[in-house]
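Reviewing the structure listed below.
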Amino acid sequence: MKYFILIILFSSFSIAQTNDKDLEAFRKVEKDVENNLTEEIVKINDTFFMIKPIGGVAGNIGVFISDKGLVLVDDQWEIIEDLILETIKSISKKEVSFIINTHFHYDHVDGNKAFGKKGIPIVSHENVRKRLKRKTKLYGHPQHNYNMVQDKYPDYALPSTVYNSTMKIYIDDEEIQLSNFGPGHTDGDTIVFFKKNNVIHAGDSFVTYGYPFVDLNDGGSFKGFINILSQIIAISNGQTKIIPGHGPVCDINDVITLKNILQEHYEITEKGFIEGLSVEQIMVEIKSELNGPGNITKEDFIKNIIYDLKTN
């Protein structure tokens, strides 16, 4: 009888989750991922690979092969667990030792729900765990009526090991450096540097789709975002391979280019805002522009910087 009652309770919880109106936007993206996403394997070297999603909203996964097992950086979506596992197995038959979350957004860490059930340890900045423990509304671009709500995660999907500022993990002869450089994309971003491999996974602190999204609802900062790009540049050299949150493998020059463009946008917008200029007047002053498949326009980006300046 007790077993029967548990089934009813679990079923009721599942139905409640499915019918939650707040999660409609999330469910729509999740369904699109389930129906359309495929994976591409990008070899960086003999022990490091990137899993690049195609046809759906998901972050790049970093895969490091050690003698003791695999280390993943981010894990995409629970709904495509079988596809992710199949892709990982085509890289290496070794088991996953642990996972590092670069930040808390669903398209990067929803897979925690799948891997966490298997008892695989998850490591992150402490603010990732805090934010995953509650329902969260991501910052929306008001001009696009963006309304993305991320549900709270079950306990088994939460990071089990967290850090505050920096952390080092040693596995085989690799030193994995985890660094939080303050608010940027969110307030819990981790730059993951595999020192021997000379590979950085930047999460959404560096992206290639055009104007980046900064989650101002969840501790994000445009000034901080630019600072993190500077920090990535500082720990890189000409041979460093840099995995963005979205897009192809890059190098230090790609990060420098993005940083310079964003810095011009920020400094001119800040000056114009102080002087009382309109968005249109500020746009004329900014000579550079970012192009890509992202849905944030130059005007959107300037408006979002102004919102950040007004509220922080």
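The values are calculated or read from the model by the stated rules, or taken from the named source; none is laboratory data. No experiment lies behind these values; they were computed from the predicted model shown. When we count neighbours, we look across all protein chains shown, and the Cβ atoms used for this are built from the backbone with ideal geometry, even at glycine.
Can you pull out the residues in region 84-115 that are among the polar types (S, T, N, Q) and within 11 Å of the chain's Cα centre (by Cα)? Of everything in region 84-115, those that are among the polar types (S, T, N, Q) and within 11 Å of the chain's Cα centre (by Cα) turn out to be Asn101, Thr102. Scanning region 58-67 for residues that are farther than 17 Å from Lys241 by Cβ and either crowded, with 23+ Cβ neighbours inside 10 Å or modelled with pLDDT under 95 (or both) turns up just one, Ala58.
Taking region 56-79 as the search range and keeping residues that are over 17 Å from the mean Cα position of the chain (by Cα) and of a type outside the set (D, E, K, R), which one is nearest to Lys195 (Cα to Cα)? Here the residue is Phe64. Of everything in region 183-229 that is among the charged types (D, E, K, R) and part of a helix (DSSP H, G or I), the residue that is surrounded by the fewest Cβ atoms within 10 Å (Cβ to Cβ) is Lys223. Only one of Lys130, Lys93, Lys135, Lys152 is over 20 Å from Asp215 (Cα atoms) and modelled with pLDDT of 95 or more. Can you tell me which? Lys93 is the lone residue from the list that is over 20 Å from Asp215 (Cα atoms) and modelled with pLDDT of 95 or more.
If you check Ile7 against the conditions, is it modelled with pLDDT under 95, over 28 Å from Gly184 (Cβ atoms), of a type outside the set (D, E, K, R) and surrounded by fewer than 23 Cβ atoms within 10 Å (Cβ to Cβ)? Against the criterion (modelled with pLDDT under 95, over 28 Å from Gly184 (Cβ atoms), of a type outside the set (D, E, K, R) and surrounded by fewer than 23 Cβ atoms within 10 Å (Cβ to Cβ)), Ile7 qualifies. The residue list Ile252, Ile261, Ile274, Ile256 contains one member that is surrounded by fewer than 22 Cβ atoms within 10 Å (Cβ to Cβ), in contact with a Leu (Cβ under 9 Å, 6 or more places away or on another chain) and closer than 29 Å to Leu72 by Cβ, which is Ile256. Taken together, the residues in region 86-130 that are of a type in the set (Gly, Ala, Ser) and buried (at least 22 other Cβ atoms within 10 Å of the Cβ) amount to 3.
Listed by first and then second residue, the pairs linking a residue in region 274-299 that is within 16 Å of Thr208 (Cβ to Cβ) and without any contact (Cβ under 8 Å) to a residue 40 or more places away in the chain to a residue that is of a type outside the set (A, V, I, L, M, F, W, C) and assigned to a helix (DSSP H, G or I), with Cβ atoms under 6 Å apart and 6 or more places separating them unless they lie on different chains, are Ser288/Glu264; Glu289/Lys298.
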